[in-house]
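Novice: Structure provided below as structure tokens; questions to follow.
The values are calculated or read from the model by the stated rules, or taken from the named source; none is laboratory data. Note that this is a predicted model, so its numbers are computed, not measured. Backbone-built Cβ (ideal geometry, glycine too); neighbour counts: all protein chains shown.
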Amino acid sequence: MTDTLLPTGHQRIDHLEMRQIVKRFPGVLAVDHVDFDVKAGEVHALLGENGAGKSTLMKILYGLYSADEGQIIRNGQVTVIRSPTDSIKQGIGMIHQHFMLVPSLTVAENVALGMPSTRGLRLDLDVVAKRLGELAEIYSLQVDPSRPIWQLSVGEQQRVEILRALYRGAALLILDEPTAVLTPQEVEHLFTVLRRMTADGHALIFISHKLHEVLAISSRVTVLRDGQQVDTILAENATKTTLAQMMVGREVVLRYEHGDVSIGEPRLRLEGVSAKSNRGDLGLKNVSLMVKAGEIVGIAGVSGNGQHELAQVISGLRPPVSGEVFIDSQRVTGKSPAVLNESGLSHIPEERMEDGVIKDFSVAENLVLQDHGRKPYALGGVFMNFRTIAKTCKSLIQEYEIKTPSHETPIKSLSGGNIQKLVLARELSRQPRVLIAAQPTRGVDIGATEYIHRRLLAEREAGTAILLISEDLDEILALADRIVVMYEGEIVGEVSRDEADVNQLGLMMAGIRHEQAESTPL
Amino acid sequence: MRNLIDRLFAVLLPVLAVAAALLIGAIMLLLMDADPIEAYQALYDGAFGTVNSRSETLVKATPLLLVGIGICIAFRGGVINIGGEGQMIAGAVVGTYVALKFETMPFSGTASIYHDLPQYLTIALCMISGFLAGAFWGGIAGLLKAYFDVNEILSTIMLNQIALQLMSYLLNGVMLDPRQRERVNHIPRTARVPDYAQIPRVTWLTDVPIRLHYGFIIALVLAVIIYIFLWRTTLGYRIRAVGKNQRASRYAGINVKRQMLFSMFLAGGFAGLAGTVQVLGLQYRLQTDGSAAGFTGNAGFNGIVAALFGGLHPVGAIPASIFFGGLLIGAQSLQRTVQVPASLITTLNGLVVVFVVSSQIFVRRRTQRRAKEQ
């Protein structure tokens, strides 16, 4: 590896070092004297809970933030990165967790966006397309340059992001949670691509909180906690348990005890339910499902395969085009959320900041989002009884260990985990008969995740019927009694918790039906 | 301690913004060869210098406050009501019609059956009718917005025009003063509303005869009531919830469409009330010069400014409307004393609005920074 050019024709970054980086936000030390380095040909994973400082550190490297102290040294020379433009010039690329692509434009147009054309004012999309073809060839990242983004699958969109970074001359790639939206098979393909890139001399930084992936792909792992560097270790010397402990600073239970619960009567039943997605096509196709008292049914699947529509139909936010929904054998198809609230349905919504809370409202005001007009929160249904609301709120804050300065604090100033705990507290305190928990721990730190999991299991033991919708397969495996897999709006298979197997589930998530999945070797 | 400083900051900021606007106004005055100190002295004296000027300021502030209260509800509910002018007109037309009905039956000319009602009930009945008429006019825009997704900014502006033309039509026709009817070049105006339908003046404050009427006191009381309504009742909670986050409101089982319609209804109602109060408390008859401002004095728009200046808080709108009322009244004496065009005051008004509204960004930044620190 003496050659300083990469197969893409760009200059290699042999060694990039961040030394004693400090970043302060008013009142917080977001990054506290962290050393981080990455060499050509390696994957260096950056691991940590939310708020540990991973993304702040990487935003400094990518030029989105400037460091208060510390240096960045590229190939032995001190360099200053003031903006993403600088970092791109220096060969640093970043693949964001949420893709930065314009859906209505084609692949080539997206890549050309923001780049000067070789032909002055006239577009040079054919040149871009040709070059994309060459790059795609090298790393088997085939996509059709003339297709619009919205027609591509999530995995393909990610390829476009990687291709764009390579096109712009990235020798060092920062990948921010790149696997969050992929099926296990797509993850495998991504890893193959990443391995080939490192073999060619690219330097890669892999941000994740999925321990097994970190162990599978990286050569070194740096763990951050509360802005401080816990350690940097070789991946071969690490195990899931040690990494998890480093992340949270204490022992973590990755498996839960499932208490014995006698499964009761059916509480939630769907019969042949179909519904349209926002795009207007059938996002949910003929889904039949039953959840009984004391049971957690997990809906597994890659993001955007109908889970969102499923939760919305059950909770009355999306009218079904056909089929029936029953709660406690009472027909509730197409009923309004208000009616469903009355019939004992609680819903932890997927997008908690959009659907679950009102950001500008206080913690207490958010607590009574559904029940503000009912006793004991309202007097005669007209005047709100803020004294009772405050009292209930304070006791729930204590019971659910919600960290907040007071019940009058606007909820937007709480951390993601604490906001989710409040949503959980609200939904569980309504003593539901059926609970829909959609992505209950997405973007939530490990401590709060564990707490939420334990609460859900306790709720199961109390006899609530729980429908758990999650893109995190580990979460489903840890909690669900039965696992239902969805693909393109349909149920493609169902397995019980004891017979669940990750590979088989992964195949089903990729659309291979249960029967086939069993006979197909991985 | 820090909390106190934050509060102080939030209160002082609009004051500073006003000072900055006046400073720029001073430069403009200098450019026009006028002495800014003399000019501002005249402005202040004109607005607050005498008992009469103070009374006139409050008279001017009354419709601003009433419209502003409605604007607080609409904006808190997430609907932008630009239709204050039209709603004022709708309220004034119906309020006046009802008031006139107390004297004679409108078409037959026979004595009214309600003749014997006590005065306060008569006035209340007129005001409720005016409120409902404005509410209906605002409700049209609310309905279009909630159920047909029609932009309320557009529809309210259009409804302003319709209300104006409708008023012209009625004042030249069925509502025309019978005494004007015989004339060849009649003035489009109604008959004078009967004494017992007029809002009485506040006489116990001073011996000087002033035009300040109980409409202002009613507006003050309503501001407090609406504050309680918005922050202490379930209905107000729902309006604010919908205004802040429609998706979460829908998720929680709140009927978002109904709340949108309702907040527009209330906003229109308060503007309608402002129109009625202008007639019953001040002008005693409805008259048009063919423009909306001819009747409203632009209160339908200035009320929005007062509400924004008051932080979209009904109680905050009280000092804000007095301030703007003062500016408008003071402008007249400014014009007389230093011989500058009154349009300078309009400019000054505009400057104040721009400064105050844009200074809010500092408050927001500050709270965001505070939030991050937590």
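Condition check ((1) within 13 Å of chain B (Cβ to nearest Cβ); (2) out of contact with any Leu (no Cβ under 7 Å at 6 or more places or on another chain); (3) farther than 26 Å from A:Ile491 by Cβ; (4) part of a loop (DSSP other than H, G, I, E, B)) across all residues:
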{"residue": "A:Gln312", "(1), (2), (3), (4)": "yes, yes, no, no"}
{"residue": "A:Thr333", "(1), (2), (3), (4)": "no, yes, no, yes"}
{"residue": "A:His347", "(1), (2), (3), (4)": "yes, yes, no, no"}
{"residue": "A:Asp360", "(1), (2), (3), (4)": "yes, yes, yes, yes"}
{"residue": "A:Lys375", "(1), (2), (3), (4)": "yes, yes, yes, yes"}
{"residue": "A:Gly381", "(1), (2), (3), (4)": "yes, yes, yes, yes"}
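Novice: For A:Phe36, work out the one condition from (1) more than 22 Å from the chain's Cα centre (by Cα); (2) assigned to a loop (DSSP other than H, G, I, E, B) it doesn't fulfil.
Specialist: Of the numbered conditions (1) more than 22 Å from the chain's Cα centre (by Cα); (2) assigned to a loop (DSSP other than H, G, I, E, B), the odd one out for A:Phe36 is (2).
Novice: Please verify whether the range A:43-64 includes one or more residues that are modelled with pLDDT of 85 or more, over 27 Å from the mean Cα position of the chain (by Cα), in a loop (DSSP other than H, G, I, E, B) and away from chain B (no Cβ under 14 Å).
Specialist: Looking through the range A:43-64, none of the residues is modelled with pLDDT of 85 or more, over 27 Å from the mean Cα position of the chain (by Cα), in a loop (DSSP other than H, G, I, E, B) and away from chain B (no Cβ under 14 Å).
Novice: A further question follows. If you check A:Glu324 against the conditions, is it without any contact (Cβ under 8 Å) to a residue 12 or more places away in the chain, among the acidic types (Asp, Glu), on the phi < 0 side of the Ramachandran plot and more than 8 Å from chain B (Cβ to nearest Cβ)? Spell out how you get there, then give the answer.
Specialist: Working: without any contact (Cβ under 8 Å) to a residue 12 or more places away in the chain: no; among the acidic types (Asp, Glu): yes; on the phi < 0 side of the Ramachandran plot: yes; more than 8 Å from chain B (Cβ to nearest Cβ): yes.
The answer is no for A:Glu324.
Novice: Moving to a separate point now. Of everything in the range B:226-254 that's at the interface with another protein chain (Cβ under 7 Å from one of its Cβ atoms) and of a type in the set (D, E, K, R), which residue is nearest to A:Arg387 (Cα to Cα)?
Specialist: B:Arg232
Novice: Scan the range A:484-508 for residues that are under 19 Å from A:His212 (Cα atoms), crowded, with 20+ Cβ neighbours inside 10 Å and aliphatic (A, V, I, L, M) and report the count.
Specialist: 2
Novice: Further question: It is to be established whether one or more residues within the range B:209-225 are within 14 Å of chain A (Cβ to nearest Cβ) and either within 24 Å of the chain's Cα centre (by Cα) or more than 30 Å from A:Thr388 (Cβ to Cβ) (or both).
Specialist: Yes: the range B:209-225 contains one or more residues that are within 14 Å of chain A (Cβ to nearest Cβ) and either within 24 Å of the chain's Cα centre (by Cα) or more than 30 Å from A:Thr388 (Cβ to Cβ) (or both).
Novice: Here's something else I'd like to know. Could you please find all residues in the range A:387-409 being within 10 Å of chain B (Cβ to nearest Cβ) and crowded, with 17+ Cβ neighbours inside 10 Å?
Specialist: Selection gives A:Thr404 alone.
Novice: Return yes when A:Lys23 is surrounded by 21 or more Cβ atoms within 10 Å (Cβ to Cβ), within 14 Å of another protein chain (Cβ to nearest Cβ) and not acidic (Asp, Glu) and no when it is not. Let's see the steps before the verdict.
Specialist: Details: surrounded by 21 or more Cβ atoms within 10 Å (Cβ to Cβ): yes; within 14 Å of another protein chain (Cβ to nearest Cβ): yes; not acidic (Asp, Glu): yes.
So A:Lys23 fits the description; yes.
Novice: In the range A:11-20, what count of residues is obtained for those that are surrounded by fewer than 17 Cβ atoms within 10 Å (Cβ to Cβ) and part of a loop (DSSP other than H, G, I, E, B)?
Specialist: 1
Conditions (1) part of a helix (DSSP H, G or I); (2) in contact with a helix residue (DSSP H, G or I) (Cβ under 6 Å, 6 or more places away or on another chain); (3) not hydroxyl-bearing (Ser, Thr, Tyr), marked per residue:
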| residue | (1), (2), (3) |
| --- | --- |
| B:Gln41 | yes, no, yes |
| B:Phe48 | yes, yes, yes |
| B:Ser55 | yes, no, no |
| B:Thr62 | yes, yes, no |
| B:Leu65 | yes, yes, yes |
| B:Gly68 | yes, yes, yes |
| B:Ile71 | yes, yes, yes |
| B:Ala74 | yes, yes, yes |
| B:Ile80 | no, yes, yes |
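Novice: Which one is surrounded by the fewest Cβ atoms within 10 Å (Cβ to Cβ), of the residues in the range A:57-94 that are more than 23 Å from A:Leu166 (Cα to Cα) and in contact with a strand residue (DSSP E or B) (Cβ under 6 Å, 6 or more places away or on another chain)?
Specialist: A:Val78
Novice: Being modelled with pLDDT of 90 or more and out of contact with any Lys or Arg (no Cβ under 6 Å at 6 or more places or on another chain) is true for just one of B:Pro188, B:Pro178, B:Pro209. Which residue is that?
Specialist: Going through B:Pro188, B:Pro178, B:Pro209 in turn, the sole match is B:Pro188.
Novice: For the range A:327-364: of the residues being at positive phi and among the small types (Gly, Ala, Ser), which is surrounded by the fewest Cβ atoms within 10 Å (Cβ to Cβ)?
Specialist: A:Ser329
Novice: Test each condition in (1) surrounded by 23 or more Cβ atoms within 10 Å (Cβ to Cβ); (2) more than 14 Å from chain A (Cβ to nearest Cβ); (3) not in a loop (DSSP other than H, G, I, E, B) for B:Pro314 and report the one that comes out false.
Specialist: Every condition holds for B:Pro314 apart from (3).
Novice: Sticking with this structure for a sec: Only one of B:Val353, B:Val340 is modelled with pLDDT of 80 or more, closer than 18 Å to B:Leu23 by Cα and out of contact with any Phe, Trp or Tyr (no Cβ under 7 Å at 6 or more places or on another chain); which? Full working, then the answer.
Specialist: Values: B:Val353 fails: modelled with pLDDT of 80 or more.
From the options B:Val353, B:Val340, the qualifying one is B:Val340.
Novice: Just to be sure before I move on: is A:Ile402 touching a Lys or Arg at 6+ places or on another chain (Cβ under 7 Å) and β-branched (Val, Ile, Thr) in the structure I sent?
Specialist: yes
Novice: Still on this structure, I have one more. Could you tell me how many of the residues in the range A:465-495 are at pLDDT 95 or above and either in contact with a Pro (Cβ under 9 Å, 6 or more places away or on another chain) or over 27 Å from A:Glu186 (Cα atoms) (or both)?
Specialist: 4
Novice: Please give the helices (runs of 4 or more DSSP H) falling wholly within the range B:107-209 in which 2 or more residues are surrounded by 12 or more Cβ atoms within 10 Å (Cβ to Cβ) and in contact (Cβ under 8 Å) with a residue 60 or more places away in the chain. Walk me through it before giving the result.
Specialist: Working: elements: B:119-148, B:152-172, B:178-181.
Hits in the range B:107-209: B:119-148, B:152-172.
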